[in-house]
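Colleague: Please find one structure pasted underneath; my questions will follow.
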Amino acid sequence: MTGPAGVPPAPARPEAVAPELVARLRSRISGRLAAHTTTASDPPPDALIARFIAEELVAHARDTITDGGVPLTAKAEAALARELQHTFTGLGGLQRWLDDPNVEDVFANGCDNVWIRTTGGVMVRVPPIAASDDELIELVRVAAARSGQEERRFDRGSPSLSLRLSGGHRLFAVMAVSKRPTLAIRRNVLQHVTLDDLVQRGELTPGLRDLIAAMVRARKNLVICGGTGVGKTTLLRAAAGAIGAHERIVTVEDAFEVGLDENTDAHPNTPALQQREPNLEGVGGIDMTTMVKWGLRMRPDRVIVGESRGAEAVPMLLAMSQGNDGSMCTIHASSSKQALSRLAMYVMQAPMQLTFDAANVLIGQAVDFVLHLDVATDGTRVLSSIRQVLETDGTQVTSNEIYRPGPDRRAVPAAPLRADTLDDLTAAGLDLDRLAADRW
């Protein structure tokens with residue numbers, strides 16, 4: 001299966017490897033590793049595993065011939081060796097897709113109903129990633145154990161798991177509440193991304209790149225919104241590149257994904273906070289609201305909330321309006337206007353039970369711009385709308401859509417910016433003439 005013209009091809013299907021054979025040989029190798037007595041002359045652990053794999057493959061070929069069967073081809077044997085290596089040092093049948101730069105999403109509806117979505121938007125069904133659903137559950141637990149984060153459960157008592165894999169990939173899995181264990185992995189194709197990268201990918205124009213960079217330098221508070229998989233976190237990460245290296249940033253997320261703390265050259269002073277799930281007794285959990293409050297006590301210049309979806313909207317908006325100018329967050333919304341009403345809903349649902357009018361006042365005082373992302377008619381992720389928040393009278397948040405979605409959903413100029421805002425942005429380096437001449 002291939003995509004339309006200009007779209008990267010789907011990854012080539014790997015040589016088929018029977019999950020049952022992988023499981024059987026893995027069990028034999030695990031037994032050898034458990035029985036092995038470590039000595040000073042032993043090779044490194046990975047090399048020892050590779051040696052045992054090679055020896056077991058030779059033994060398997062010999063047994064197959066003895067039984068009158070046909071041994072594996074060299075290509076199939078190499079694929080089997082990789083699969084076995086992945087079960088010990090990677091994530092088993094998932095690892096091949098995590099390593100593939102052409103894969104954007106991985107979906108498993110049970111061990112043998114597995115799909116990938118390519119960076120070109122093509123959906124392809126691929127071979128099983130585990131020999132059984134129980135083995136798939138164990139694979140998810142291994143991923144949690146190897147994530148290097150706070151231990152996260154995955155069992156009937158805690159049937160969902162959200163975590164960040166090495167490489168920045170985001171995994172979410174459920175069991176017990178679904179007929180079969182199910183997982184979705186969003187690969188982080190662009191970990192260290194810049195606004196220039198998004199221009200090259202056709203997601204921004206040069207003028208929009210300059211406008212967003214000027215907003216960040218001018219310390220405007222930004223809300224980045226859109227549907228699932230449109231690149232909200234990617235744009236947030238790219239926009240943060242305009243923040244000076246001398247500034248202290250605190251990021252708060254439900255599961256680590258933004259990763260600004262890992263780019264120590266660009267953001268050397270960036271602690272990253274993550275909410276904590278309750279323990280087996282149901283205690284010890286720390287929610288996003290508390291994490292945002294803790295982040296503010298760390299005296300940041302800016303706060304970045306990976307995704308606002310609840311009561312944490314209140315301390316985040318308070319931070320934006322009380323001195324932490326230039327803060328950012330993402331939110332799910334189908335338009336830039338809807339993002340404001342969603343924020344109001346989250347504020348009103350918070351324990352302090354603010355009224356609708358009070359929620360609008362808080363939003364109007366905190367948010368400067370809302371950036372909405374969408375998918376263009378040609379399948380490209382694009383910036384579709386920019387809305388400037390003007391003021392509020394309590395009954396509503398007044399705003400102007402300075403860029404609106406065009407016929408292909410790409411942002412086109414609409415209402416003008418306020419004069420005082422233009423002054424702020426030009427002082428931050430925005431070239432108004434170049435912006436006026438900008439085109440997709």
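All of the numbers you see were taken from the coordinates with simple rules; none came from a lab. Quick caveat, the model's predicted, so the values are computed rather than measured. Cβ placement follows ideal geometry from the backbone for every residue including glycine, while neighbour counts extend to all protein chains displayed.
Colleague: How large is log10 I(q)/I(0) at q = 0.09, 0.12, 0.13 Å⁻¹ when the Debye formula is applied to the Cα atoms of the chain, each weighted equally and without solvent?
Modeller: Each listed q corresponds, in turn, to -0.67, -1.06, -1.18.
Colleague: Okay, next question. If I model a spin label as a point 7 Å beyond the Cα along the Cα-Cβ vector, how far apart are those points for R146 and T380 in nm?
Modeller: 3.7
Colleague: Using only Cα atoms, locate the centre of the stretch 84-101 and the centre of the stretch 307-365, then give the distance between them in Å, rounded to an integer.
Modeller: 40
Colleague: List the aspartates and glutamates whose Cα lies under 18 Å from the Cα of K179, skipping any in the same chain that are fewer than 8 positions away.
Modeller: D112, D133, D134, E135, E138, D155
Colleague: Working out 0.36 nm times the residue gap between A40 and R153, then minus their Cα-Cα distance, what length gain in nm do you get to one decimal?
Modeller: Extending this stretch completely gives an extra 37.1 nm.
Colleague: Can you give me the convex hull volume of the Cα atoms of the stretch 290-440, divided per residue and expressed in Å³?
Modeller: Working: hull volume 18.7 nm³, N = 151.
In the stretch 290-440, the Cα hull volume divided by residue count equals 124 Å³.
Colleague: Mind giving me the nanometre distance, one decimal, between the label points for D325 and L21, set 7 Å out from Cα along Cα→Cβ?
Modeller: Result: 6.6 nm between the two label points.
Colleague: Something else about it: Please give the calculated 222 nm ellipticity per residue for the chain, where each DSSP H segment of at least 4 residues contributes -39500 (n - 2.57) and the sum is spread over every residue; nearest 500 deg cm²/dmol?
Modeller: Counting only the DSSP helices, I get -11000 deg cm²/dmol.
Colleague: Can you sort L139, L204 by how many other beta carbons sit within 10 Å, fewest first?
Modeller: If I rank by nearby Cβ atoms, fewest first, I get L139, L204.
Colleague: For M123 and R434, FRET efficiency with R0 = 60 Å and r from the beta-carbon atoms, rounded to 0.05?
Modeller: Working: r = 39 Å, r/R0 = 0.66.
For R0 = 60 Å, the calculated efficiency reads 0.95.
Colleague: Place a +1 charge on the Cβ of each Lys and Arg in the chain and a -1 charge on the Cβ of each Asp and Glu, then give the dipole magnitude about the Cα centre in debye, rounded to the nearest 20.
Modeller: 400
Colleague: If you take the Cα Rg of the stretch 19-186 and divide it by 2.2 N^0.38 Å, with N the number of residues, what do you get?
Modeller: 1.12
Colleague: Considering only DSSP beta bridges whose two residues both sit in the chain, what percent are antiparallel, to the nearest 5? Each step should come with its number before you reach the end.
Modeller: Working: 42 of 60 bridges.
If we restrict to bridges inside the chain, about 70 percent are antiparallel.
Colleague: How big, in percent, is the set of alpha carbon pairs in the stretch 213-283 lying more than 19 Å apart?
Modeller: 43
Colleague: Which whole-number percent gives the relative contact order of the chain, counting Cα pairs below 8 Å spaced six or more residues apart?
Modeller: Here the relative contact order equals 11 percent.
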